[in-house]
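What follows is a single structure, written as structure tokens, with notes after it.
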Amino acid sequence: MNKRKSLRRSLLLLAAGLMGDLASITGAQAQGGAQPAGAWPNRPVRVIIPQPPGGVLDILIRALAEPLRQQFGQPIVVENRPGGNNVVGLEACAGAAPDGYTICAVSAEVLSTYPLVEPALYARYSSIVPATLIARNAGVLLANPAVPAKDLREFVTWARGQTGLNYSSSGQGSTPHLLWEFIKQHDGLRIEHVPYRGIIEAFNEMAAGRVQVSYIALGFALEPIATGRVKPLAVLGSRRSPRLPEVPSLGELGYEFPYDGPWWGFAAPAGTPAPVMERIAAATRAALQDANLRTRLLEPQAYEAVGNTPAEFAAIIEEERTRGVAIVRAAGIEVR
């Protein structure tokens, strides 16, 4: 009898222990469902680029992928998911598992001005959360070589006597769209908006002469400018760029456009554990110091590498969104 009682007591203790272990596992899953940050990543990390191949964002992320792989110790799988003015790729990111194995590359517009111009589209990916700002660059207004103007002031004078002029952009709410609408309002010009699937397509159409003017990140434009494929009209901001010292700035020409140039970053699905987000930021910051990346891309194309924390990036986005209201209104577009 004593033996039966002893066996029963042992079985009850074992069952209680198993239930305790199960409760611990269930509790850990309820608190985020992700493995500890120290164990992440233990498989490839997917980076969604919501734009077509060959554009500014695509070039930057693909160049960053190898030094980022070295930091993570896992392959980086880059996936282009263009469409819907960035929405298709960003929506895929927003709906992915919040485990750190899917992140997305974002540009300034999708988190600052798109919410004000296309709120219904923004709602489809608005849950993504900022991880780190990768880099900044200057911006430059461009014309095709057939345009008889050496800067924006001369372009405005010439354009006032023309009809049938067009400017290209990467879509409604993009910087080229808002910038040229602002200039149209400022100078009373008649120039039609022609949106394309991505900024590289918009740039190529302008360079080929099918539209007269556009806008793109300075780093991407430096080589086409040097070879005469396109001509610079003005750089954004209040000061001239050291890379284009002969080109006037918008501020110098009397334009008060509240935007200094593009930036790009990483974001992740809502619910991604904070330690993983911090790891993404730290790995990006370290990857940006890679000597090959700096000499091959960042320095020649005048990128300012950043790699800040999720909280710092979130604060920048908040500030940019506040400025975005002024940008949209300056372009004569209703804030929605």
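The values are calculated or read from the model by the stated rules, or taken from the named source; none is laboratory data. Everything numeric in this text was worked out from a predicted model, so none of it was measured. Quick reminder, even Gly has a Cβ in these numbers, built from the backbone with ideal geometry, and neighbours come from all protein chains shown. We work out accessible area using only protein heavy atoms, side chains counted, and drop any ligands, DNA or RNA first. Shrake-Rupley method; radii C 1.70, N 1.55, O 1.52, S 1.80 Å.
A few notes on this one:
- Here the chain carries DSSP beta bridges of which approximately 60% are antiparallel, counting only pairs with both residues inside.
- Table column - 3J(HN,Hα) (Hz), the stretch 291-304, Karplus curve with 6.51, -1.76, 1.60, x for Gly and Pro: 4, 5, 4, 5, 7, 8, 10, 4, 6, x, 9, 6, 6, 9
- Amide hydrogen neighbours beyond the local backbone of residue 54, cut-off 5 Å, H modeled: 59
- Helix runs (DSSP H) in the chain reaching 30 Å along axis by Cα, Kyte-Doolittle at least -0.5: 2-30
- Shape class of the stretch 215-336 from the Cα gyration tensor (axes a ≥ b ≥ c, square roots of the eigenvalues): oblate, since a/c reaches 1.5 or more and a/b does not exceed b/c.
- Debye intensity ratio in log₁₀ form over the Cα atoms of the stretch 159-289, taken at each q of 0.13, 0.14, 0.18, 0.19 Å⁻¹: -0.66, -0.74, -1.05, -1.13
- Solvent-accessible area per residue, Å², over the stretch 157-263 with all protein chains present [probe radius 1.4 Å]: 41 Å²
- Dipole magnitude of the stretch 177-336, debye to nearest 20 (Cβ charges: Lys/Arg +1, Asp/Glu -1, about Cα centre): 260 debye
- Summing Cβ point charges (Lys, Arg +1; Asp, Glu -1) relative to the Cα centre of the chain gives a dipole of roughly 1360 debye.
- Structural size metrics of the stretch 37-106, computed from C-alpha coordinates, are Rg and Dmax of 12.1, 37 Å.
- Amide H contacts for residue 46 (H built 1.01 Å from N in the peptide plane; partners 5 or more residues away or on another chain; cut-off under 5 Å): 77, 102, 103.
- Our summary of shape: the Cα atoms of the stretch 293-336 have principal axis extents of 43, 25, 11 Å, ordered from largest down, in whole angstrom.
- Near the amide H of residue 139, within less than 5 Å, lie the amide hydrogens of 218, 236, all on another chain or at least 5 residues away, with H placed in the peptide plane.
- Using the Karplus relation 6.51 cos²θ - 1.76 cosθ + 1.60 with θ = phi - 60°, the per-residue 3J(HN,Hα) values for the stretch 165-172 come to 7, 9, 10, 9, 8, 8, x, 4 Hz, with x marking Gly and Pro.
- Relative contact order %, the chain, counting alpha carbon pairs below 8 Å whose residues are six or more apart: 25 percent
- Expected-Rg normalisation [2.2 N^0.38 Å, Cα atoms] applied to the stretch 94-148: 1.59
- Shape of the chain, Cα gyration tensor, a/c cut at 1.5: prolate
- Expected 222 nm ellipticity per residue - DSSP helices of 4 or more, -39500 (n - 2.57), all of the chain, to 500: -13000 deg cm²/dmol
- Site pair residue 296 and residue 160 shows an inter-label distance of 4.9 nm when each label is modelled 7 Å from Cα along Cα→Cβ.
- Taken along the Cα-to-beta-carbon direction at a fixed 7 Å, the label points for residue 334 and residue 146 span 3.7 nm.
- Note on residue 190 and residue 227: with the Förster distance fixed at 45 Å, the Cβ-Cβ geometry gives a FRET efficiency of about 0.90.
- Spacing of the two label points (7 Å from each Cα toward its C-beta) at residue 304 and residue 126, in nm: 3.0 nm
- Descending by average beta-carbon neighbour count within 10 Å, the peptides 240-248, 175-183 line up as 175-183, 240-248, the highest first.
- Centre separation in Å (Cα based) which lies between the stretch 47-84 and the stretch 145-169: 35 Å
- The chain, accessible surface, carbon-and-sulfur percent (1.4 angstrom probe): 53 percent
- For q = 0.18, 0.22, 0.23 Å⁻¹, Debye-computed log10 I/I(0) when each Cα of the stretch 113-215 counts as one equal scatterer: -0.90, -1.19, -1.27
- In the context of the full set of protein chains, residues of the stretch 272-336 present 49 Å² of accessible surface per residue (probe radius 1.4 Å, heavy atoms only).
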